[in-house]
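Worksheet for the structure shown next.
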Amino acid sequence: MNLRVGFGYDVHQFKNGRRLILGGVDIPFDKGLDGHSDADVVCHSIADAMLGAAALGDIGVHFPDTDPVYKNISSLILLKETNSILNKNGFVVNNVDVTILAERPKISNYYSEMVSKISESLMIEKKFISIKATTSERMGFVGRMEGIASYAVVTIKELEK
């Protein structure tokens, strides 16, 4: 089996008047994240890791923020599309590991729902998806509560020919 590894990172700043969406889950909070789409840093970091593992560019190449089609789009849709791009190029996702950096809100109660939504979007079993979170101990932009970041590592494998 030919495994490949990809790494993804995304960050968005907070913005008043927007919903906070992480891993496809609407999380109650007084601010959301600013971005062209729904600004879901979790899905964006996963998509970038997937594309990186397949050496197919990044989400900005495939879903540019200058295209009105992607304005306020659910990042779960972008994740599904990224999965289709991988499949068309002969790859399938093996597993996903995500770390979210956020001082607030506390999101551990939402891990299970995030895993379910990501599992459905990528068409892989839940047991192959890990979601975790940490703070930055009040240091940097995350620590100052200016935004949220997400790191993802994804392994993919070649489809059998």
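If we count every other residue with Cβ under 9 angstrom of Ser74's Cβ, Lys/Arg +1 and Asp/Glu -1, where does the sum land? List each step's numbers first, then the result.
Details: positive: none; negative: Asp38, Asp40.
Cβ neighbours under 9 Å give a net charge of -2.
As a check on your grasp of the helix formula, calculate [θ] at 222 nm for the chain: sum -39500 (n - 2.57) over DSSP H runs of n ≥ 4, divide by the residue count, round to the nearest 500. Mind showing how you got there, number by number?
Working: 5 runs with 47 residues, N = 161.
My calculation for the chain gives -8500 deg cm²/dmol from helical runs alone.
Which whole-Hz couplings ³J(HN,Hα) result when phi for each residue of region 7-12 is put into the Karplus expression 6.51 cos²θ - 1.76 cosθ + 1.60, θ = phi - 60°, listed in order with x for Gly and Pro?
10, x, 9, 8, 8, 9
Setting aside same-chain residues fewer than 8 positions from Lys117, which aspartates and glutamates have a Cα under 18 Å from its Cα?
Within the straight-line limit of under 18 Å, Lys117 reaches these aspartates and glutamates: Asp26, Asp38, Asp40, Asp48, Glu81, Asp97, Glu125.
So if R0 is 22 Å, what FRET efficiency would Met123 and Thr66 give, r being the distance between their Cβ atoms, rounded to the nearest 0.05?
On the way: r = 29 Å, r/R0 = 1.33.
Efficiency at R0 = 22 Å is approximately 0.15.
Going by how many other beta carbons lie within 10 Å of each one, how would you line up Val41, Val153, fewest first? Could you put the intermediate results ahead of the total?
On the way: Val41 28, Val153 19.
Final ranking by Cβ density, sparse to dense: Val153, Val41.
Quick one: dipole size for the chain, taken about the Cα centre, charges +1 on Lys/Arg Cβ and -1 on Asp/Glu Cβ, in debye to the nearest 20. List each step's numbers first, then the result.
Details: 18 positive and 20 negative charges, 51 e Å.
With Lys and Arg at +1 and Asp and Glu at -1, about 240 debye.
What does the extension gain come out to for Asn16 and Thr135, with contour length at 0.36 nm per residue minus their alpha carbon separation?
Numbers: separation 119, 0.36 × 119 = 42.84 nm, distance 2.10 nm.
Contour length minus the Cα-Cα distance gives 40.7 nm.
Return the long-range amide H neighbours of Ser37 (sequence gap of 5 or more, or a different chain), with a cut-off of under 5 Å between placed amide H atoms.
The answer is Asn72.
Which of Val41, Ser75, Gly60 sits closest to the plus end of the dipole of region 1-92, meaning its Cα is farthest towards the positive end, when Lys and Arg get +1 and Asp and Glu get -1 on the C-beta?
My answer, from the dipole projection, is Ser75.
Could you work out how far apart the two model spin labels at Asn109 and Val5 are, taking each label as a point 7 Å from the Cα in the direction of the beta carbon, and quote it in nm?
In this crude spin-label approximation the distance works out to 3.5 nm.
List, in the order given, every pair from Lys80/Lys157; Lys88/Lys157; Lys80/Lys106; Lys31/Lys106 whose Cα-Cα distance in the structure shown is over 21 Å.
Details: Lys80/Lys157 17 Å; Lys88/Lys157 13 Å; Lys80/Lys106 27 Å; Lys31/Lys106 13 Å.
In this structure, Lys80/Lys106 lie more than 21 Å apart at Cα.
Picking from Ile107, Val25, His12, whose Cα lies most toward the positive end of the charge dipole for the chain (charges on Cβ: Lys, Arg +1; Asp, Glu -1)?
Ile107
Grab the Cα-Cα distance for Ser84 and Ser116, subtract it from 0.36 nm times how many residues apart they are, and report the gain in nm with one decimal. It would help to have the intermediate numbers written out before the result.
On the way: separation 32, 0.36 × 32 = 11.52 nm, distance 1.85 nm.
Difference between extended and current length: 9.7 nm.
If R₀ is 41 angstrom, what is the calculated FRET efficiency for the pair Asp34 and Glu158, using the beta carbon separation as r and rounding to 0.05? Kindly include the intermediate steps, with their values, before the conclusion.
Numbers: r = 37 Å, r/R0 = 0.91.
The computed FRET efficiency comes out at 0.65.
Would you mind telling me the antiparallel percentage of the DSSP bridges in region 3-144, rounded to 5?
Values: 5 of 11 bridges.
If we restrict to bridges inside region 3-144, about 45 percent are antiparallel.
Read-outs throughout are calculated quantities, based only on the coordinates presented, and are distinct from any laboratory measurement. Since the model is a prediction, treat every value here as computed from it, not as a measurement. As a convention, Cβ positions derive from the backbone with ideal geometry for all residues, glycine included, and neighbour counts pool all protein chains shown.
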